[in-house]
Amino acid sequence: MTVISTPYRSRGAEPSAPRLGIIAVAMAVAAALLAWQLVDIQVANPDRYREYGLDQRLTSDQIPAERGAILDRNGLLLAGSVASTTITANPRLISDPRQTATDLAPILGLPVAELEAQLRRDSYFAFLAREVDDRVAERVADLGIAGIFLDEEPSRHNPGGDHYARAVLGRSDLDGHGISGLETLYDDVLTGVPGQNLLERTNTGELIPSGQQRVIPAIAGDSLVLTLDQTLQYKTEQVLVQHVTDTGAAGGVVVVLDNTNGDILSMATVSRSDDDAVLPSTENRAVTWQYEPGSIAKPLTFAGVLEAGLADLDSYRDVPDSLTIWDATFTDADEHPIASWSLVDILQKSSNIGTIMWAQQLGDEGLYDSLRSFGIGEPTAVGFPNEAPGLLHDTDDWSGTSLPTIAIGQGVAVTPLQMAQAYATIANGGVAAAPRLAQGSQDGAGNFTAFPHPEPRRVISESTAGKLTEMLTAVVAEGTGINAAIPGYDTAGKTGTAWKPQPGGGYEDEAGERHFVASFAGFLPADDPAITIVVVIDEPSGTRESGGSAAAPVFAELSLYALRHLRIPPSTETAVSEQENVRSESLVEQDAAAAAREALAAGEATDDAADGHAHPEAEAGVDPADPAPDG
Amino acid sequence: MKTPLAERRRAQQASRGRHPTSRQATTGRGPRARRRRYSPLFGLLVILGFGLGLYGLVMVLSASSGDALDGGDPWSAFRRQSLWFAAGLMAALCTSRLDHRLWRERLSIPLLLGAGAMLVLVLVPGVGLSVNGASRWIGVGGFTFQPSELAKLALIVWVADMATRRYRDVTCINSTLAPILMMTGAFAVLLILEPDLGTAIVVCAVVFVVLYMAGAALSHLWIMAGVASCLALTLAWLAPYRRERLLAFSDPWEDPLESGYQTVQAGVALANGGISGVGLGASRGKWGFLPEAHTDFIYAIIAEEFGVIGGLTVLGAFVLIGAAGFLVAHRLRQRDPFASLVAVGITTWIVLQAFVNIGAVVGALPITGVTLPFLSAGGSSLVVTMAAYGVLLNIASHVD
């Protein structure tokens, strides 16, 4: 074996083979240790590192869940979510904030300075304009500015317009949370489960190009099925707006109930704004407004009298036109000699004194229990946000004048819905069906789930209810409620013209004027009641400030429309021919309303008995000069 | 059976620095004998070196894509690495064809002096480029050069020469050990001044192994090892950032956002890779989480994108280089002790540096900032490493 010839050829022993072996073994051991450690981290125990890594790079973008729709009793859309565009920016990508702001300002209709401030934020995200309409979005897209994004976001849309049923439906905010009305009451039904867009991002927030994306889809909220009838609601608002405008009133409330099951078919509040525009209100005063109802509460007093067996329809008693109790003198609206009146007569004439005398016989507890049993003084089962409970003091707190005052509907406060509930109980043969606005929910697959609804509860006997119905029918047929009459159907109802308590206490304002709340509550057809309507007109002016003149015509117009819309046949024989005439003229429902107006014109000619008032605390509402005539 | 043609060719080969094997010299057989027959070790080393270099190119491209985050050019590191790789190939081609005897005859001293001078120069402010508080580079017209790499090669050649030339005296302190230790100590001090303790340790360890192989007395070696270890530990303890690294290495989770950050992020990348990896280019760690992803921590990216399989493969490649290098040294230890020692030195350098780097990535060793040979981005270190590898190849070409 030849070796390389070299002048420096080693002169002794060569590098040691055993030592080389030791080095090699050392290397092998070191490599094994490294491999062990590598396998430990990568395969055996990677969890801690892996989770730490996921934690630092995984971000979750929320995908908004579509909010459930609100449907009327027939499945028609009252409020729904539609896709709209939200303009956002990543300020880090905006090279020239001033120029960008200047470009966007006219399109978005926002001040340049405000946009520029947003675009200069030290962040990766800024809202510029939320839920803009498609044309704005298109113009922004056309600019094609890098760093400006158009994100889809569901926005709430009410097909009936901004005003339609707004007090009842309420509103939801830009993020899809209910903030008022049914939107907030049933927020948990309507709100879906937001989805998640899980993305891997760098430590500076950019998307990792090879990163994974996992989308957990959003689950849309359930739809809410109401008891409202879309058409009837619209008609109710239309009629009420018209009427409040005509009477110069401050506002008005109407509740239309299906008295057989408590379904609220329409519920409208109209108010006059500071600039004299009459529009549906944002406040659902049908449940939030507690007011002193006046005479429309008298039937509840008589319910107690009849239920206690103290009297019957033909029980007569001598009724004077004034009565002094403790320090207060109560009067009837019109002076009259002492007369022998039956219960029917007293209610027909809305005699305060007659009502008070029977109430005295009933006693404090009896009156309290009667009102209470109809649900006065506690919120209804609707549970509407900010619903008022009404006010009915315990008898322990009653003074000597409380009984006569409360008996005629003053010194007690109710909401229009509570009154509707009480009248519906009478209409329904004495059984109260709890009022409700929502029937149930409907999921994305169309499966309907009914909400729990309290069992109907008997409040008064069927015979008492029948007698009250008879009395109330007489009120409309011949008494103060004649303006509520419509052709073809017998109506049972009662007028009320109550004084409005003033902020300073008492019922007179600073100028010594009294303000009225005119109402009419009733149901029809009287022989087999289907719908119950309460109309409350707040501070009607001029000659039409009584329940009979201000509220009853609204009742008439709406009841006729509602009966035709709900296809409830006329009841009385005599009316059939009239009804046929109307029907042959036109099948369009507006004509029915026209017919109702004709009937009203006829009714207005009739003289009406006056509604009375009484003053609970002060020198008693016994000013004979205080006119409150119906009609 | 010698022909004039064969004679002439041998002469030519000799003049080019080639050495026909004895078998060829005695049994040249016509046309087939024109090609030199290399040992399989040579082929293995060529394949491993070339393969790792190419793989490094790919991984540098992949690992540096995070540069685009800062608006940088994702190709720039790759372009630079490609140029350096080409330069490295040229260098390796040259050194592998250069008769390794030239190193000890002509190049040993100039190389040593040059490397020493540059190690001094790098400390001169204005000449040495300071990056992250360490002056490890000399900048010349846009190019940077890391003299510590050259110092390793120079020292290995010089020590091997010293040890073999005065073989009998390798156990003698005065004639051999003292100059070697003084020179190594001087280099180590210069490196520590940069400061680059990691490289200093690697240099000392390589010299230690060469001396061990050269037959130094065990008692001397123990003393050397003891003193060097104590010095290293003291130095590590004195500098706050080194002490922090040492402590962080013992428990990176103590402070995963500051001192333990790199170790934890490397662990995250490894764990994310799992068995088969997330796939080429799909590393998450390189997106701003793992610092120095394409240089010091490229092994973490490899293990993330190719999993434990990729990680073990690369580790295995270095083990194979080690095995092949040591076998070369073994085969030549009688015939050419100098070449044998140089082979041991270069092999130890490459493998040890790889292990120190990988050890830091897998959390088995503190972070020292040494690069992964062939794979880490870094121009001069790649060129010098490949040049040194060329020397190893040249030596290997003499193995039967």
- Task: Search segment B:156-196 for residues being of a type in the set (Asp, Glu) and either touching a strand residue (DSSP E or B) at 6+ places or on another chain (Cβ under 7 Å) or free of Cβ contacts under 8 Å to residues at least 40 places away in the same chain (or both), and hand back the single one that is nearest to the other protein chains (Cβ to nearest Cβ).
- Result: B:Asp169
- If only one of B:Leu270, B:Leu280 is among the hydrophobic types (A, V, I, L, M, F, W, C) and either within 23 Å of the chain's Cα centre (by Cα) or in a loop (DSSP other than H, G, I, E, B) (or both), which one is it? B:Leu280
- Examine segment B:158-170 for a residue that is surrounded by 15 or more Cβ atoms within 10 Å (Cβ to Cβ), of a type in the set (Val, Ile, Thr) and more than 29 Å from B:Leu233 (Cα to Cα), and state whether such a residue exists. yes
- Whichever residue in segment A:60-75 is of a type in the set (D, E, K, R) and in a loop (DSSP other than H, G, I, E, B) and, among such residues, is nearest to the other protein chains (Cβ to nearest Cβ): A:Glu66
- Task: Assess whether A:Ala35 counts as being at the interface with chain B (Cβ under 9 Å from one of its Cβ atoms) and closer than 30 Å to B:Thr171 by Cα.
- Result: no
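The rows are residues; the columns are (1) at pLDDT below 85; (2) out of contact with any Cys (no Cβ under 9 Å at 6 or more places or on another chain); (3) under 30 Å from B:Asp400 (Cα atoms).
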residue	(1), (2), (3)
B:Tyr212	no, yes, yes
B:Ala239	yes, yes, no
B:Glu244	yes, yes, no
B:Ala266	no, yes, no
B:Ala269	no, yes, no
B:Leu290	no, yes, no
B:Ala317	no, yes, yes
- Could you count how many residues in segment A:143-158 are of a type in the set (Val, Ile, Thr) and in contact (Cβ under 8 Å) with a residue 60 or more places away in the chain? 1
- For residues in segment B:102-121 being over 20 Å from the mean Cα position of the chain (by Cα) and touching a residue at least 60 places away in the same chain (Cβ under 8 Å), which is farthest from the other protein chains (Cβ to nearest Cβ)? B:Val120
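This table checks each residue for (1) more than 17 Å from A:Thr301 (Cβ to Cβ); (2) surrounded by fewer than 18 Cβ atoms within 10 Å (Cβ to Cβ); (3) of a type in the set (Asp, Glu).
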position	(1), (2), (3)
A:Leu472	no, no, no
A:Gly488	yes, no, no
A:Gly496	no, no, no
A:Gly506	yes, yes, no
A:Glu513	yes, yes, yes
A:Phe516	yes, no, no
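So that you can scan it fast, the table gives a plain yes or no per residue for (1) without any contact (Cβ under 8 Å) to a residue 24 or more places away in the chain; (2) surrounded by fewer than 17 Cβ atoms within 10 Å (Cβ to Cβ); (3) not β-branched (Val, Ile, Thr):
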residue	(1), (2), (3)
B:Thr234	yes, yes, no
B:Asp251	yes, yes, yes
B:Tyr261	no, yes, yes
B:Val264	yes, no, no
B:Gly274	no, no, yes
- Would you mind stating whether B:Ile180 is under 24 Å from B:Leu372 (Cβ atoms) and in contact with a helix residue (DSSP H, G or I) (Cβ under 7 Å, 6 or more places away or on another chain)? no
- Note on the structure: For segment B:72-101, the count of residues that are within 22 Å of B:Asp336 (Cα to Cα) and within 14 Å of chain A (Cβ to nearest Cβ) equals 3
- Query: Here are some residues: B:Ala377, B:Ala343, B:Ala354, B:Ala300. Which one is within 28 Å of B:Ile192 (Cα to Cα), at pLDDT below 90 and in contact with a helix residue (DSSP H, G or I) (Cβ under 6 Å, 6 or more places away or on another chain)?
  - Reply: B:Ala377
- Any residue in segment A:46-59 that is touching a His at 6+ places or on another chain (Cβ under 6 Å), at pLDDT below 90 and in a strand (DSSP E or B)? no
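The values are calculated or read from the model by the stated rules, or taken from the named source; none is laboratory data. The model shown is predicted, which means the values in this text are computed figures rather than measured ones. Neighbour counts are summed over all protein chains in view; Cβ atoms, including those assigned to glycine, are modelled from backbone coordinates with ideal geometry.
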